[in-house]
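In what follows, a structure is listed as structure tokens, so that the remarks can point back to it.
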Amino acid sequence: MLAAASGAGGWGVRERIGLVLAPLAFAALWFAPLGLAPEAHRLAAIMGAVVVLWVSEAIPMAMTAFLGVAAAVALGVAPASVAFAPFADPLIFLFIGTFMLAQAIFFHGLDRRFAFAILSLPGVGESPGRVLAAYASVACALSMWISNTATVAMMFPIGLSLLGALEKRAGSKLPPRYGTVLLLATAFAGSIGGMATPVGTPPNLIGIGFLRRELGVDVPFFSWMALALPAVALLLCFALLDLARAGVPRALRLTGAVELVRRERAALGPWSAGERNTLIAFAATVFFWVLPGGIVLFAGSDSAAYAWLQRHLPEGVVALFGAGLLFLLPTNARQLEFTLPWDEAVKIDWWIVFLYGGGIALGTLAFQTGLAEALGRSLTGLLGVQSAFGLIALSTALAALLSETTSNTASANMVVPVVIAFAQSSDIDPVLPALAATLGASLGFMLPVSTPCNAIVYGSGRIPLARMMRHGLVLDLAGIAAIVAVVSLLGPVFFAR
């Protein structure tokens with residue numbers, strides 16, 4: 001989810017190359033003898049240009065998605081009513097409701113209160129290793145529910161303030177490499193935490209959307225967490241061990257850390273009405289997201305209560321009700337002031353919503369025209385993967401590799417539908433490979449351009465590029481191994497068909 005994806009940032013060499021290659025890719029595929037049905041052939045040309053624009057980010061990614069769907073209508077791939085239908089997908093409203101809840105958390109400073117509460121826990125103290133672990137755990141926990149980028153943007157200045165105060169007290173006793181690993185832990189934990197819940201990061205909802213639309217498979221909130229949390233825990237522990245080994249001196253004590261955190265926490269003051277209301281809305285939303293999974297555990301998936309909740313309170317509806325509470329719970333009843341002002345609510349990341357709709361629309365058209373099936377057949381012959389485990393491993397690695405060079409969102413949009421088609425053409429159940437590809441799209445830790453989380457902390461000037469690449473590569477490999485292991489072992493338990 002790079003800056004350029006949302007329309008920010010200037011043009012570089014990659015963007016200029018993309019503007020040249022996109023029409024060339026379109027022309028090459030348009031005139032190539034692909035042996036496809038006319039609609040599939042035209043869509044292949046459109047998708048070729050879209051992929052180039054997504055990877056190069058020559059124009060804002062959401063606009064690329066819009067243009068791809070519009071081109072599909074103009075070139076006769078599908079009528080407008082069919083092509084644009086995914087923009088009304090229920091998961092679109094899950095995005096909107098969740099983003100508004102996250103905006104309220106930021107607006108009222110609930111995220112900072114939570115962060116300093118964790119850092120002030122008795123077990124943290126002045127141990128550099130425990131401070132590192134607590135700091136990364138806060139970033140990981142926050143990014144489970146709000147944007148990874150927003151989490152790191154919030155935690156980054158807290159980390160810099162912490163380092164500045166510690167350096168002032170410790171002087172030369174605080175080695176520069178500790179600052180490096182502390183800030184890297186922020187970026188890595190923010191990306192890792194987003195994998196844990198369906199709403200943690202856009203690639204998760206993109207993968208879930210493809211599973212529901214193309215395979216008729218619903219992924220309950222609880223089931224996703226049951227699968228993803230073990231992978232997140234494994235990956236976070238590995239990241240902390242790797243970073244601590246490289247940058248935490250055993251004899252170092254962080255004198256003044258407890259006092260600094262206590263002072264910052266005290267400066268937050270008492271809980272405001274906005275904070276309390278936001279917590280109520282957020283807690284109620286999470287409760288109803290998780291409730292169906294709890295009912296399945298105790299009463300089974302055939303119970304009447306589970307069926308009622310699935311029919312009447314799907315995740316998107318719950319998110320909208322939760323967001324609606326923000327406009328009903330007053331902070332000042334006499335002045336008719338409510339928890340989230342509308343001018344704050346509209347500041348959510350609309351480009352992600354539009355990108356999701358466009359990506360799902362193009363993926364759906366790929367299946368409807370037969371393009372996805374043809375691509376799956378060709379990849380089957382080329383790669384020769386014959387087992388579910390092999391496809392899970394390949395899907396994870398491919399998504400992770402692509403995420404190093406383009407946004408995680410674009411990676412999921414490109415890889416998941418291909419993996420589903422590949423699995424179907426190989427007579428392999430596509431659910432687990434698609435889940436693995438979805439989780440793998442959240443990897444990509446090596447470069448500042450791999451994710452905004454990396455870019456934010458790299459801008460501090462405290463992280464040598466070589467260190468980011470080395471720790472990022474190790475974490476990518478560990479992430480691929482963790483996802484493959486967890487999906488292979490736990491996937492059949494929670495997603496048996």
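A few comments on the model shown:
- Subset of segment 170-218 (residues that are of a type in the set (Val, Ile, Thr) and within 30 Å of Ala423 (Cβ to Cβ)): Ile192, Thr197, Val199, Thr201, Ile206, Ile208, Val217
- Residue check for Pro249: on the phi < 0 side of the Ramachandran plot, out of contact with any His (no Cβ under 8 Å at 6 or more places or on another chain) and not in a helix (DSSP H, G or I): yes
- Residue within segment 486-495 that is under 19 Å from Ile352 (Cβ atoms), touching a residue at least 40 places away in the same chain (Cβ under 8 Å), not hydrophobic (A, V, I, L, M, F, W, C) and not assigned by TED's automatic domain parsing to the domain that holds Gly216 present: no
- Unmet requirement for Ala28, which otherwise passes all of (1) at pLDDT 90 or above; (2) of a type in the set (Gly, Ala, Ser); (3) more than 17 Å from Gly359 (Cα to Cα); (4) not in a helix (DSSP H, G or I): (4)
- Scanning segment 82-109 for residues that are farther than 19 Å from Tyr356 by Cβ and in a helix (DSSP H, G or I), we see that the one that is modelled with the lowest pLDDT is Phe106.
So that you can scan it fast, the table gives a plain yes or no per residue for (1) buried (at least 20 other Cβ atoms within 10 Å of the Cβ); (2) more than 21 Å from Ala485 (Cβ to Cβ); (3) charged (D, E, K, R); (4) more than 19 Å from the chain's Cα centre (by Cα):
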position	(1), (2), (3), (4)
Gly358	yes, yes, no, no
Ala393	yes, no, no, yes
Pro417	yes, yes, no, no
Ile420	yes, yes, no, yes
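- Segment 382-400, residues that are modelled with pLDDT under 85 and either in a helix (DSSP H, G or I) or in contact with a strand residue (DSSP E or B) (Cβ under 9 Å, 6 or more places away or on another chain) (or both): Leu382, Leu383
- Filter result for Ala78 (among the hydrophobic types (A, V, I, L, M, F, W, C) and either buried (at least 18 other Cβ atoms within 10 Å of the Cβ) or at pLDDT 90 or above (or both)): yes
- Enumeration of residues in segment 460-480 that are under 26 Å from Arg212 (Cα atoms) and either surrounded by fewer than 24 Cβ atoms within 10 Å (Cβ to Cβ) or in the same structural domain as Ser191 (by TED's automatic domain parsing) (or both): Ile480
- In segment 108-141, residue farthest from Ala345 (Cα to Cα) [restricted to those that are in contact with a Gly (Cβ under 7 Å, 6 or more places away or on another chain) and surrounded by fewer than 23 Cβ atoms within 10 Å (Cβ to Cβ)]: Arg130
- Filtered by the rule that a residue be in contact with a Leu (Cβ under 9 Å, 6 or more places away or on another chain), assigned to a loop (DSSP other than H, G, I, E, B) and either surrounded by fewer than 24 Cβ atoms within 10 Å (Cβ to Cβ) or not aromatic (Phe, Trp, Tyr) (or both), segment 430-459 gives Pro430, Ala441, Leu443, Gly444, Met446, Leu447, Pro448, Val449, Ser450, Thr451.
- Scanning segment 331-356 for residues that are surrounded by 15 or more Cβ atoms within 10 Å (Cβ to Cβ) and in a strand (DSSP E or B) yields Thr331, Phe338.
- Among residues that are of a type in the set (Asp, Glu), in a helix (DSSP H, G or I) and more than 30 Å from Gly440 (Cβ to Cβ), Glu214 is not included.
- Residue that is over 23 Å from the mean Cα position of the chain (by Cα) and assigned to a helix (DSSP H, G or I), where the choices are Leu279, Leu320, Leu260, Leu328: Leu260
- You will find that of Phe288, Phe298, the residue that is assigned to a helix (DSSP H, G or I) and at pLDDT 85 or above is Phe288 and no other.
The values are calculated or read from the model by the stated rules, or taken from the named source; none is laboratory data. From a predicted model like this one, the values you see are computed outputs, not experimental measurements. Cβ sites come from the backbone with ideal geometry, for glycine too, and all protein chains shown count toward neighbours.
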